[in-house]
Amino acid sequence: MTRKIFSFFRNVIALLVIFVVLVIPNRLSDIYLDSFFRFPLEFLLLGLLLLIPGSVGKVLRWLAASLLAVGLIFKIADMATFNIFARPFNPIFDAYLLVNGKDLLNGAVGKFAAVLIVAMLVVVSLAIIVLAFLLMERVRKLLTIQPKAGVISLLVLVCIWGALWWAGSPRLSTQFYDQLAMHVTNTRNSINDMKDFEQLLAQSDEAKIPDQGLFQTLQGKDVLIIFMESYGRTALDKPEFSEHIRPLLQAQAEQLQAAGIGVRSAYFTSPTVGGLSWLAHGTAMSGLWVNSQVRYDSLVMSKRESLNRLFHRAGWRAVGVMPAITLAWPEGNYYGYDHIYHAYNLGYEGKPFNWITMPDQFTLAAFQRHELRPENRSPVMAEIALISSHAPWTPVPELVDWNLVGNGEIFNEQATRGDSPETVWKNPERIRLQFRLSIEYTLQTVVDYVLKYGDENLVVMAFGDHQPAPLVTGDSDNRDVPVHFFARDPNILDAIAGWNWAEGMIPADTGPVWTMDQVRERFITTFSAP
């Protein structure tokens, strides 16, 4: 009796596990009780497949087990990438994540332990396939107790499923097949996209851009292209943030106007969301849509002239200010910088803000000291990444007197106060609060820098690199980021009048929205001689 009960429960568990794998959504935000009240066609077809006898049936069961395991692995991967990048996992474009993960493990636990962990993951993946096969074997034995009755019952259920589908029932599901098919389609499209992008890179436009007259309107100006981490449109549209940030932007616009500095604002559409900031940098600087790691890798190996190189060609000193760079960065060679400032040569001797190497104010102060303070110099074109608004958003820095920034030790007390990331990230509301505070700090830093150092020869374009992760934005497909253009020289503001950007720090809701790959071309056509 006990054995029969045990066998009954094992059968129920096998059926239940297979059912859950087939119907569970591939994004965490869609998982709720109602998600499992579905009638999956795959469940019935799998039952029919399990009744095929002999060696052919066994081969088909192994194939089905592999598909079930692969589908489950893809669903888990989708859950992770949806939560971070607001999109499903792409086996072509996201393969680099596996390499980055291994490198991260090498640094965190050592090479041997990293290899061991990778080997364990491979074993777990194979174990999932074996487990899927064993579950199917359990269900097959149950069906073969009365094989004819099993076949008839399953065929009747398939007919019922078809009738309900024809009647438009919302409880039917082919989700498992649809998601596998989506990944197959995405993989095929990604391979084709790689080929298309390679052809696009082969059509270099450098011969079309003459040196004479290049950026003529900006001659003698220092041009700063500033990327602000995770500063997305959600900061201006989501009431939880906008009720604080919009008044801040309005107040900043009034300060700038009183100081004689003009500002115009609009929105860009970023190629990424939630992370992968380098895709935004590559897109804006190259003038090509770089929305995947594969495209980025192809770009940095190409001869496509970056905006940085074009400025260098026109007589500017081109520098990159990347305070988050802590390892070798061979990709930086593509951009053509005369010099790269990274985490170890900006001169910061203060304490890090958890994962953030240094506060934004120090980054801009160090850049000002190293590049713009010296006399008898060439004009500078700088690409600057500000990272204080990067997760974990704790602790949030505060502005100090620019004259007291020094080597950064003044920030030590700020860097060690406040709650830890572990404490903050236990509460979604607290996460969003810290995010909002960090965005406010970065905006205050940029505007305060422009107010203090913004002379007639300073031109600044500052914009977000991407929207924050969905845990901040909620379920939104919007990828827009605010952009602000600062200049004291009225001739520069007149030059961009045709952009139709809103005056002040708040973009117009119905104003123009450029894709980020338009930045390079707009600089060339707007500021160069005809």
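The values are calculated or read from the model by the stated rules, or taken from the named source; none is laboratory data. Being a predicted model, the structure only gives us computed values, none of them experimental. Glycine gets a Cβ as well: all are built from the backbone with ideal geometry, and neighbour counts include every protein chain shown. Ligands, DNA and RNA are excluded from the accessible area calculation, which covers all protein heavy atoms including side chains. Shrake-Rupley method; radii C 1.70, N 1.55, O 1.52, S 1.80 Å.
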With charged (D, E, K, R), in contact (Cβ under 8 Å) with a residue 24 or more places away in the chain and under 12 Å from residue 321 (Cβ atoms) as the only criterion, which of 398, 383, 349 stands out? 383
Residue within the stretch 437-455 that is small (Gly, Ala, Ser) and in a helix (DSSP H, G or I) present: yes
Failed item in (1) modelled with pLDDT of 75 or more; (2) of a type in the set (A, V, I, L, M); (3) open to solvent by less than 80 Å² (accessible area, probe 1.4 Å); (4) under 34 Å from the mean Cα position of the chain (by Cα), with residue 163 passing the rest: (4)
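May I ask you to verify whether residue 508 is in a loop (DSSP other than H, G, I, E, B) and either of a type outside the set (Asp, Glu) or surrounded by 15 or more Cβ atoms within 10 Å (Cβ to Cβ) (or both)? Please lay out each step first, then the result.
Values: in a loop (DSSP other than H, G, I, E, B): yes; either of a type outside the set (Asp, Glu) or surrounded by 15 or more Cβ atoms within 10 Å (Cβ to Cβ) (or both): yes.
In short, yes.
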Which residues, taken from the stretch 18-45, are open to solvent by 20 Å² or more (accessible area, probe 1.4 Å), among the hydrophobic types (A, V, I, L, M, F, W, C), touching a Leu at 6+ places or on another chain (Cβ under 8 Å) and in contact (Cβ under 8 Å) with a residue 60 or more places away in the chain? 39, 41
Go through the stretch 421-460 and give me each residue that's touching a residue at least 60 places away in the same chain (Cβ under 8 Å), surrounded by fewer than 20 Cβ atoms within 10 Å (Cβ to Cβ) and farther than 23 Å from residue 403 by Cβ. 421
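When you look at residue 502, is it touching a helix residue (DSSP H, G or I) at 6+ places or on another chain (Cβ under 6 Å) and open to solvent by 10 Å² or more (accessible area, probe 1.4 Å), yes or no? Lay out the reasoning, then the answer.
Numbers: touching a helix residue (DSSP H, G or I) at 6+ places or on another chain (Cβ under 6 Å): no; open to solvent by 10 Å² or more (accessible area, probe 1.4 Å): yes.
Against the criterion (touching a helix residue (DSSP H, G or I) at 6+ places or on another chain (Cβ under 6 Å) and open to solvent by 10 Å² or more (accessible area, probe 1.4 Å)), residue 502 does not qualify.
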Give the stretch 300-337 a look and list any residue that's open to solvent by less than 10 Å² (accessible area, probe 1.4 Å) and small (Gly, Ala, Ser), or say none. 306, 318, 320, 332
Subset of the stretch 367-380 that is under 15 Å from residue 224 (Cα atoms) and touching a residue at least 40 places away in the same chain (Cβ under 8 Å) - its residue that is most open to solvent (accessible area, probe 1.4 Å): 378
If residue 527 passes every condition in (1) more than 24 Å from residue 436 (Cα to Cα); (2) open to solvent by 50 Å² or more (accessible area, probe 1.4 Å) but one, which one does it miss? (2)
Looking at the stretch 53-76, which of the residues that are open to solvent by 60 Å² or more (accessible area, probe 1.4 Å) and free of Cβ contacts under 8 Å to residues at least 12 places away in the same chain is nearest to residue 88 (Cα to Cα)? 76
All-but-one check, residue 108 against (1) open to solvent by less than 40 Å² (accessible area, probe 1.4 Å); (2) modelled with pLDDT under 70; (3) of a type in the set (Gly, Ala, Ser), failing number (1)
